[in-house]
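A.B. asks: Submitted below is the structure of interest, expressed as C-alpha cells.
Just so it is clear, none of the values below were taken in a lab; they were calculated from the coordinates. Because the structure is a prediction, the values reported are computed rather than measured. With ideal geometry, Cβ positions are generated from the backbone for all residues, glycine too; neighbour counts draw on all protein chains shown.
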There are 2 protein chains.
Amino acid sequence: LVVRSPEAFREKQGIDARVLQKVSEIDLRQKQVQGEDLKTGKTWKEPFDQLLIATGAASIRPPIPGIDAKGVYELNTLQSGIEVRRAMDEKNPRHIVIIGGGYIGLEMAENFIHRGIGVTIVEKTPQVMNTLDPDMAALLIKPLEEAGVKLYLNESLKAFEITAGEVREVMTDRRILPADLVLLGLGVRPNSALAQMAGIPLGKTGGIRVNDRMKTEVKGVWAAGNCAESFHLVSHRPFYVALGTVANKQGRVAGINIAGGRAVFPGVVGTAMVKVFSLEVARTGLQEKEILELGLPFVTAKIDAYTRARYYPGTGPLTVKILAEKGTGRLLGGQIVGKEGAGKRIDTLAAALHAGLIVEDLINLDLGYSPPFSAVWDPVQIAARQAAGQV
Amino acid sequence: LVVRSPEAFREKQGIDARVLQKVSEIDLRQKQVQGEDLKTGKTWKEPFDQLLIATGAASIRPPIPGIDAKGVYELNTLQSGIEVRRAMDEKNPRHIVIIGGGYIGLEMAENFIHRGIGVTIVEKTPQVMNTLDPDMAALLIKPLEEAGVKLYLNESLKAFEITAGEVREVMTDRRILPADLVLLGLGVRPNSALAQMAGIPLGKTGGIRVNDRMKTEVKGVWAAGNCAESFHLVSHRPFYVALGTVANKQGRVAGINIAGGRAVFPGVVGTAMVKVFSLEVARTGLQEKEILELGLPFVTAKIDAYTRARYYPGTGPLTVKILAEKGTGRLLGGQIVGKEGAGKRIDTLAAALHAGLIVEDLINLDLGYSPPFSAVWDPVQIAARQAAGQV
C-alpha cells in the first residue's frame, strides 16, 4: 500500500489492512473468501457480511512469442514503474520500442526522449490516441516527430527476437526494429476473473456489473474501481474506463453505502487528459465513431483559437472540436489539443455533458475572462457557436 | 472603432458605421435620433424602425476637489489607456496613487510595479476585491505588499492637492500621500442617461431594463452591453455587471433578434477573473454578503490544494471556497485564489451554477485528470466534498 500504510489504516481508522495476501476464491454460498499468505504460504478463510471487490485492472499482454522475456515491460503498477526506471538506470538502453500509441505509450515516449533515448512507437491502428477522432489525433503527429519519436502507424506487433533471455528486436508485420527495452502500452482490462469465478455477473465490457450505489447483482457484494463497470451518461450504456478519478469516486460511494449511508455514482462522461510534450490533450463525451455506433445524427465544429487573449504574452494556439446532436443541439462530446492552459477547458464541456446542455447553452455560459486566461469568448464557446450554426 | 474599422463595416458587411457622431436625443414618438457631427459641428436627425442602444459604461468620478486636474487618470477606454501610458513615458512619475482596490486598481498596480514605480492603493472598504468574501480577499494582501504595493484599507479619498494645474498630493481621511500620477479605479456605471431622457425604463441597477431577447420596454428599442442590465441566474434578480464577456453575448443576441432571428440571453452567474501578480483570482455566483441579503441559509467550505498533482513539477498552492444552500445543497457560488492553473477552474463552477447543480453533483463530475493538470480529485471537488458534509 502506497498512499497509506497498513499501520496507518489500523491505528488511525481501525481498519485491518492485510498485505501480501492472495485471494484465490470467493465463496458466495458460505459468505467467505479463501486466500494464501504470500510470505508464509499458509492458506486462510475469512467470513464476510459485506464484501467489496476492488481488484483493479491488469495490463493487456497478447500471447506473442517472447513477451515474457527480460526487457519487455509494462506500466500498470508502481512496482512496474520502478522496474522500468531501474532498467533505464542499469541497462542504459539505446533503442526503446513502445507498443501502442495511447496515453501510456505517449507519456512514456516523452519521458524516454527527455532522457535522450531514441524511441519508436508501433501502433496497429491508423492513429495515435484512439480516444480522439482521427482529425484531432493527427495534430499530435508533427509534434511527436519533431520531438524525435519515430511513429509506425498501421503496423502490428508480430514477435520479439530474444537472445540469451533478453529482448533484442521487435518484429512487426512490416519491419524489424532494434530494441533493448520494450514497453507495452496496449491498455488494460478489468481484473474481474475472481468475481466471475464466484458467479458474480460481469457486464459486456468485462467489468463487474454494478448499480449506481456500486452494488453487484449479488446481495452483500460490492465492486468499485478499475474492476467494475461504469455507466456512460451520454450514451446511456455500460462503459469501462480504467482511470484513477473514476476509481476514487466509485470507492467513495461504495464505502458510504457499505457503512450504511446513501450515496450514488451516476456515471461518467468519458473525460480523459494527457500531456504530450508541450501539448495538452483532452477529450470528453462521445467521439465520432461512438456516435456513429449509436446511430445518432450529429454535427461537428472545429475551431482554432488561443489559450489566452491573442495579444497576451505566453498565449498559444489550441484546437477545440465539439460534437452535438443534430436537431436537438445536445452536446455529445468535445476534444481539445493545444498549448499550456488548453486542456483543463475540457472540464467546462464535461460539466455541460453532466447537465445535458445544448450548444446554445454553452454559448451563453458565464465563463471566466481576463486577457491572461482567455479571450472574451472562451474557445469552447467559439466552437459551440460554430456547432449551433449547423444544428 | 478598434476591432473593425468603419470601412470594413461598410465593405464587408454593408453596415454604415459613422464615427465621431454624438447622439444628443432619442425621440421615441417620431422614431428618430438627433445628433451632432463632432468634426463639422453640424446637427442631424436619423429615423429608425429598430434602435439598438449600446452606449456602454462610464467610469465613476466622485465630485472631489481637483479630480479634473492634469495627472488624474481613469482607465475605461482604449484612449484613456493610451493617455496613462503617455503620462508614464513622458512624466516618468515616481509616486503613483491608485484610488480603489478592485480589478482595475490591482491590475494597474501590477503594471506600474513592473515599470519600477512606487504604488499606493487607497481603498475605502476593509478589503481589496469586494467581489470576493473577506477571507478570500485577505489572501491577496501579503502578495501585494511583498510585490511592493502600499495598501491603505478603510481609508477614504478626500481631495487632491493641485499645483500649477497638476496633481501633487492625494489627501485621504487619514494622511497625505505624494502623487504625480493618480489612477481612479472606482468602478463604472451604465451610460444610460440618453435612454432615460427618452423615457426608456431603467432598472434599479441604473442599467437599461431588457428582457432575455435584449428588448427594452419600448417597442422597437433594444439595448445591449454595459449600458444594459442582466439577469442573475443564481439570485434570480436583475444584476449589473460591466464585462466584455457579457457585453459580447448580449450584442450577439440583440443582433440576431433585431435581424429577425430568435436568440435568448438567459443571464449571468457573476463570473469574473483577475491576475494579481503571480496569483490567479476568480469568482462566480453569489458571495456571502449577497447570500445574506437574499436571506438564504448557506454553508461554506474552504480548502487548500494544488494546481497540479502535489508531486508534479510546477505545481502550486490554491485555495477554493464554495458556498452552497443549506438543506438543498444547491451550489450558490465559488471563489478561487492560487497559482498558475488555478483560476480557470472557476468555469466548472460557473457551468454548474448555470445547470443548477448541487454540491453532490459536483463531487461526481467527470473532470479532467492527469498529474500535469490536476490531482485525482480536482480542487473544486475537494471543496464540494467538504461542503456536502455540512449541507
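A.B. asks: Could you tell me which trypsin sites (Lys or Arg not before Pro) in the stretch B:183-251 are loop residues by DSSP with no more than 14 other beta carbons within 10 angstrom of their beta carbon?
C.D. replies: Working: sites: B:Lys204, B:Arg209, B:Arg213, B:Lys215, B:Lys219, B:Lys249; in loops: B:Lys204, B:Arg209, B:Arg213, B:Lys219.
Filter output for the stretch B:183-251: B:Lys204, B:Lys219.
A.B. asks: Distances from B:Arg174 to the same position in the other copies: list them in nm, one decimal, shortest first, using label points 7 Å from Cα along Cα→Cβ.
C.D. replies: 7.2
A.B. asks: Under the 0.36 nm per residue contour assumption, what length would be gained going from the current alpha-carbon distance of A:Gln30 and A:Val264 to full extension?
C.D. replies: Numbers: separation 234, 0.36 × 234 = 84.24 nm, distance 2.86 nm.
Fully extending the segment from A:Gln30 to A:Val264 adds 81.4 nm.
A.B. asks: Distance in nm between label sites at B:Asn154 and A:Glu7, each 7 Å beyond Cα in the beta-carbon direction?
C.D. replies: With each label placed 7 Å out from Cα toward Cβ, I get 5.0 nm.
A.B. asks: Looking only at other chains, what is the average number of their beta-carbon atoms within 10 angstrom of each beta-carbon in A:161-167?
C.D. replies: Values: counts 0, 0, 0, 0, 0, 0, 0.
That average works out to 0.
A.B. asks: Picking from A:Ala224, A:Ala17, A:Ala375, which is most flexible by a Gaussian network model of chain A using Cα springs under 10 Å?
C.D. replies: Maximum among the listed residues: A:Ala17.
A.B. asks: Name the residue from A:Val182, A:Gly116, A:Tyr311 whose Cα lies farthest towards the positive end of the charge dipole of chain A, charges +1 on Cβ of Lys and Arg and -1 on Cβ of Asp and Glu.
C.D. replies: A:Val182
A.B. asks: Taking the Cα centre of the stretch B:5-76 as origin, sum charge times position over the Cβ atoms of Lys and Arg (+1) and Asp and Glu (-1), and report the length of that vector in debye to the nearest 20.
C.D. replies: Numbers: 11 positive and 11 negative charges, 17 e Å.
Approximately 80 debye in magnitude.
A.B. asks: A further question follows. For the protein assembly as shown, build the charge dipole from Cβ charges (+1 Lys, Arg; -1 Asp, Glu) around the Cα centre, then report which of A:Thr163, B:Gly356, B:Gln79 sits farthest towards its positive end.
C.D. replies: Value computed over the given set: B:Gly356.
A.B. asks: Amide H neighbours of A:Val188 under 5 Å, counting only residues 5+ apart in sequence or on other chains, H built in-plane at 1.01 Å?
C.D. replies: Those lying under 5 Å, H to H, from A:Val188 are A:Ile60.
A.B. asks: Taking each residue of B:372-378 in turn, how many C-beta atoms of other protein chains fall within 10 Å of its C-beta, and what is the average? Before the final figure, lay out the partial values.
C.D. replies: Numbers: counts 7, 10, 5, 3, 7, 5, 3.
If you average over the peptide's residues, the count of other-chain Cβ atoms is 6.
A.B. asks: According to the Kirkwood expression over distinct Cα-Cα pairs, how big is the hydrodynamic radius of the stretch A:158-249, in Å?
C.D. replies: Details: mean 1/r = 0.0635 Å⁻¹.
Mean inverse Cα-Cα distance, inverted, gives 15.7 Å.
A.B. asks: Mind telling me which of B:Gly118, B:Gly187, B:Gly368 comes out most flexible in a GNM of chain B, alpha-carbon contacts under 10 Å?
C.D. replies: Comparing B:Gly118, B:Gly187, B:Gly368 in the GNM, the peak value goes to B:Gly368.
A.B. asks: Okay, moving on. Going toward the positive end of the dipole of chain B, with +1 on Lys and Arg Cβ and -1 on Asp and Glu Cβ, which of B:Trp44, B:Gly105, B:Leu296 do you reach last?
C.D. replies: B:Trp44
A.B. asks: Can you list the residues, at least 5 places off or on another chain, whose amide H is less than 5 Å from the amide H of B:Leu151, using H built in the peptide plane?
C.D. replies: For B:Leu151, whose amide H was placed from the backbone, the distant partners under 5 Å are B:Ile121.
A.B. asks: From the phi of every residue in the stretch B:137-144, what ³J(HN,Hα) in whole Hz does the Karplus formula 6.51 cos²θ - 1.76 cosθ + 1.60 yield, where θ is phi - 60° and glycine or proline is x?
C.D. replies: Those phi angles translate into 5, 4, 5, 8, 4, 4, x, 5 Hz.
A.B. asks: Hey, can you grab everything whose amide H is under 5 Å from the amide H of B:Val221? Only 5+ residues off in sequence or another chain; H modelled, so Pro and N-termini drop out.
C.D. replies: B:Leu51, B:Thr216
A.B. asks: Which distances, in nm and shortest first, link the A:Lys22 label point to the same label point in every other copy, taking 7 Å along Cα→Cβ?
C.D. replies: 8.9
A.B. asks: Right, another one. Classify chain A: rounded, prolate or oblate, from the alpha-carbon gyration tensor (a ≥ b ≥ c, eigenvalue square roots; a/c under 1.5 rounded; otherwise prolate if a/b is larger than b/c)? Please list the in-between numbers first.
C.D. replies: Working: a/c = 1.91, a/b = 1.18, b/c = 1.62.
Cα axes put chain A in the oblate bin.
A.B. asks: Further question: Count, for each residue of A:252-265, the Cβ atoms from other chains sitting within 10 Å of its Cβ, then give me the mean as a whole number. Kindly include the intermediate steps, with their values, before the conclusion.
C.D. replies: Values: counts 4, 2, 0, 0, 0, 0, 0, 0, 0, 0, 0, 4, 2, 2.
Across the residues of A:252-265, the mean count of other-chain Cβ atoms within 10 Å is 1.
A.B. asks: Quick check for the stretch A:191-304: number of Lys pairs with alpha-carbon distance under 29 Å, counting only pairs 8 or more apart or on different chains?
C.D. replies: Taking the Cα cut-off of 29 Å, the pair count is 11.
A.B. asks: What value, in deg cm²/dmol to 500, does the helix sum -39500 (n - 2.57) over DSSP H runs of n ≥ 4 give at 222 nm once divided by the residues of chain B? Please list the in-between numbers first.
C.D. replies: Values: 11 runs with 98 residues, N = 391.
Counting only the DSSP helices, I get -7000 deg cm²/dmol.
A.B. asks: A further question follows. In the stretch B:284-337, which GluC sites (Glu not before Pro) fall in coil by DSSP and have 10 or fewer other Cβ atoms within 10 Å? Before the final figure, lay out the partial values.
C.D. replies: Numbers: sites: B:Glu288, B:Glu290, B:Glu293, B:Glu325; in loops: none.
Counting only loop positions with at most 10 other Cβ atoms within 10 Å, none of the GluC sites (Glu not before Pro) in the stretch B:284-337 qualifies.
A.B. asks: Something else about it: Can you figure out the FRET efficiency of A:Lys289 with B:Leu38, using R₀ = 60 Å and their beta-carbon distance, to the nearest 0.05? Write down the numbers at each step before the final one.
C.D. replies: On the way: r = 60 Å, r/R0 = 0.99.
The calculated FRET efficiency here is 0.50.
A.B. asks: Let me ask you something else. Distances from B:Asn154 to the same residue in each other copy, label points 7 Å out along Cα→Cβ, in nm, shortest first?
C.D. replies: Label-point separations across copies, in nm and ascending: 7.4.
A.B. asks: Next question, about the same structure. Can you tell me the dipole magnitude for the protein assembly as shown around its Cα centre, using point charges on the Cβ only (Lys, Arg +1; Asp, Glu -1), in Debye to the nearest 20? Could you put the intermediate results ahead of the total?
C.D. replies: Numbers: 94 positive and 84 negative charges, 112 e Å.
Result for the protein assembly as shown is approximately 540 debye, rounded to the nearest 20.
A.B. asks: Dipole magnitude of the stretch A:150-221 about its Cα centre, charges +1 at Lys/Arg Cβ and -1 at Asp/Glu Cβ only, in debye to the nearest 20?
C.D. replies: On the way: 11 positive and 8 negative charges, 93 e Å.
Using only the charged Cβ atoms, the result is roughly 440 debye.
A.B. asks: Step through the residues of the stretch A:303-312 one at a time and calculate ³J(HN,Hα) from phi using the Karplus curve (6.51 cos²θ - 1.76 cosθ + 1.60, θ = phi - 60°), rounding each to whole Hz and writing x for Gly and Pro.
C.D. replies: In residue order, the calculated couplings are 10, 9, 8, 10, 6, 10, 4, 4, 9, 7 Hz.
A.B. asks: Relative contact order of the stretch A:265-391: what whole-number percent is it, with Cα pairs under 8 angstrom and at least 6 residues apart? Let's see the in-between values first.
C.D. replies: Numbers: 275 pairs, mean separation 36.5, N = 127.
For the stretch A:265-391, the relative contact order is 29 percent.
A.B. asks: Now for a separate question. Over chain A, what is the relative contact order in whole percent, taking alpha-carbon pairs under 8 Å and six or more residues apart? Let's see the in-between values first.
C.D. replies: Numbers: 821 pairs, mean separation 48.6, N = 391.
In percent, rounded to a whole number, it is 12.
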